[in-house]
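Written out below as structure tokens is the structure these notes cover.
The values are calculated or read from the model by the stated rules, or taken from the named source; none is laboratory data. Predicted model only: the values in this text are computed from it and were never measured. As a convention, Cβ positions derive from the backbone with ideal geometry for all residues, glycine included, and neighbour counts pool all protein chains shown. The protein model used for the area step is the full one, side chains on, heavy atoms only, and it has no ligands, DNA or RNA in it. Shrake-Rupley method; radii C 1.70, N 1.55, O 1.52, S 1.80 Å.
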Amino acid sequence: ELTERIVCSASAVDHDRIRRRDFDEQDQFAVTEASNKVAAWPLYLDDRPRQTIADIAATARRHKRKHGLSLVIVDYLQLVA
């Protein structure tokens with residue numbers, strides 16, 4: 001769902017229209033182009049539930065060692081166990 005929202009934002013096509021499958025050929029082209037661009041981004045999303053700060057830190061270290069890492073963003077910090 002998060003990736004879908006990112007693609008909709010990058011393509012400037014309304015997310016609700018994509019979910020309802022109510023879009024035209026021009027929108028489909030924009031979404032396809034945006035999908036290709038987003039797929040090339042060096043982006044890693046980890047949406048596993050109930051992670052602790054130690055889990056997040058370990059995942060970040062592992063990812064940095066394998067792929068490099070410039071930034072870590074934690075959304076809904078209040079949900080970190």
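Taking the stretch 13-40 as the range and being open to solvent by 40 Å² or more (accessible area, probe 1.4 Å), in a helix (DSSP H, G or I) and not polar (S, T, N, Q) as the test, the residues that pass are ASP16, ARG17, ARG19, GLU25, PHE29, GLU33, LYS37, ALA39, ALA40.
Results for (1) in contact (Cβ under 8 Å) with a residue 24 or more places away in the chain; (2) of a type in the set (Val, Ile, Thr), shown as yes or no for each residue.
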residue	(1), (2)
ILE6	yes, yes
HIS15	no, no
ARG19	no, no
PHE29	no, no
THR32	no, yes
LEU45	yes, no
ALA54	no, no
ALA58	no, no
ASP75	no, no
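Of everything in the stretch 46-71 that is among the hydrophobic types (A, V, I, L, M, F, W, C) and open to solvent by 80 Å² or more (accessible area, probe 1.4 Å), the residue that is nearest to the chain's Cα centre (by Cα) is LEU71. For the stretch 16-29, does any single residue satisfy the condition of being under 16 Å from the mean Cα position of the chain (by Cα) and closer than 30 Å to HIS67 by Cβ? No, because not a single residue in the stretch 16-29 is under 16 Å from the mean Cα position of the chain (by Cα) and closer than 30 Å to HIS67 by Cβ.
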